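A short worksheet on the structure shown next.
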Amino acid sequence: MDDFIILSTNKYFLIDLILKIKNYLKENLDLELHPNKVKIVNLNQGIDFLGYILFPYYILPRTKTKKRLLKKIRVKIEDYKKGLISSESLYQTIQSYFGYLQHSNAYKLTEKIKHMIYSELET
């Protein structure tokens with residue numbers, strides 16, 4: 001994994017640190033920071049990181065990730081109903097997504113998914 005976040009209350013410290021990190025990566029590892037992915041933002045705006053939006057006191061799943069997750073679960077349920085995948089495969093997929101959501105404040109989304117699964121499997 002090569003993604004990371006550095007937090008500070010001092011913007012100028014961060015600017016100086018970016019230059020030091022760029023120099024270290026270039027001189028020691030022959031690597032470069034992606035020019036469009038280095039940002040200094042206010043934490044209150046939320047930080048988009050690894051499929052989540054991080055705020056000071058809570059974490060939310062990224063909207064794009066939520067939509068993709070719901071779509072993939074619907075497809076897996078349809079595949080299960082058609083006999084294309086086993087119940088074990090469906091269960092593993094669902095548990096994987098619940099594991100992802102467990103790291104965020106996504107109680108309502110988790111309940112929505114549970115309801116969707118139960119109602120889809122009953123029909």
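The table that follows gives values for the structure above.
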quantity	calculated
Straight-distance crosslink candidates among lysines, where the alpha carbon sits under 24 Å from Lys112 and sequence neighbours closer than 8 are dropped	Lys64, Lys66, Lys67, Lys71, Lys72, Lys76, Lys81, Lys82
Spin-label zone in the stretch 104-122 - amide nitrogen under 20 Å from a point set 7 Å from the Cα of Ser89 along the C-beta vector	117-118, 120-122
Separation in nanometres of the label points that stand 7 Å from Cα toward Cβ, at Lys37 and Ser96	2.2
Tyr52 long-range amide H proximity, modeled H, under 5 Å	Arg62
Two-site FRET efficiency, Phe49 against Glu120, from Cβ-Cβ distance with R₀ of 35 Å, rounded to 0.05	0.65
Whichever lysines have a C-alpha closer than 24 Å to that of Lys22, once near sequence neighbours (fewer than 8 apart) are set aside	Lys11, Lys37, Lys39
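Laboratory data are not the source of any read-out in this text; all were calculated from the coordinates shown. Fair warning: this is a prediction, and the values are worked out from it, not measured in the lab. Methodologically, a virtual Cβ is constructed for each residue, glycine included, from the backbone with ideal geometry; neighbour enumeration extends over all protein chains shown.
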